[in-house]
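*Asks:* Quick one: structure below, then a few questions.
Nothing in this text is a laboratory measurement; each read-out follows from the coordinates by a stated rule. Please read all numbers here as calculations on a predicted model, not as lab measurements. Please note: Cβ atoms are built from the backbone with ideal geometry, for glycine as well, and neighbour counts cover all protein chains shown.
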Amino acid sequence: MTIEIRSADLESEIRGNTLSGYASTFGTYADLGSYVETFAPSAFDATLADPATDVRAYYQHDSSMLLGRQSSGTLKVWTDTRGLGFELELPKTSYANDVRELAGRGDLGGMSIGFRPNEESWSTVGNRELRTHTSVAALIEVSPVSIPAYGSTTVALRSLDHITTQPAIDGRTQLFRARFAALNNRRVSN
């Protein structure tokens, strides 16, 4: 079973104990070295329609830092024309307080997702190969992260008036870091 982790553009907002925004946006690209990739607007439809889906929110992909869970009602995920939206009720834990503070200061770079790929198509954009995920087999997690793979990621406190833009990191580096974290955490999701 292959689990892939990708970061995406995020405009998020914190209101009290709630972090909301987009964990993945449609029509944006991540540079993964030998190719670029994106998600089709239908990519998450099947997994979100499956009643067995129980997406979790972790801080920095670390399963020991659980922030919320779909089955408990503390995490809501959906898609609309813009992307994969989320609303996360942050717990009263020290690391969730860190998330709140870092997001409010603009230190968190965005959101990232962990998923199992399913159907995809290949084409070109400019002179690069483009991998488009047309469906994912499972959406496993969404995570606030400090270094997302997709560029121009923003995080704001209470309103979008004070948006901070973070530079993008090379997609291969983000993928390496995410896989390293996943291997160290030994997460297995079905």
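*Asks:* Using a Förster distance of 35 Å, how high is the FRET efficiency between residue 54 and residue 105, based on the Cβ-Cβ distance and rounded to 0.05?
*Replies:* Efficiency at R0 = 35 Å is approximately 0.70.
*Asks:* Now a separate question. Could you pull out every residue, at least 5 positions away or on a different chain, whose amide H is within less than 5 Å of the one on residue 83? Hs are placed 1.01 Å off N in the peptide plane, and Pro or chain starts have none.
*Replies:* The list, which skips near neighbours in sequence, is 26.
*Asks:* Another one. Please identify every one of the trypsin sites (Lys or Arg not before Pro) in region 53-156 that sits in a loop by DSSP and has no more than 12 other beta carbons within 10 Å of its own beta carbon.
*Replies:* 92
*Asks:* Need the full-extension length gain, residue 127 to residue 18, defined as separation in residues times 0.36 nm minus the C-alpha distance. One decimal, nm.
*Replies:* This chain segment gains 35.1 nm when fully extended.
*Asks:* Within region 64-123, which GluC sites (Glu not before Pro) sit in a loop by DSSP and count at most 15 neighbouring Cβ atoms inside 10 Å?
*Replies:* 119
*Asks:* Residues with amide H under 5 Å of residue 146's amide H, sequence separation 5 or more or different chain, H placed in the peptide plane at 1.01 Å from N; which?
*Replies:* For residue 146, whose amide H was placed from the backbone, the distant partners under 5 Å are 109.
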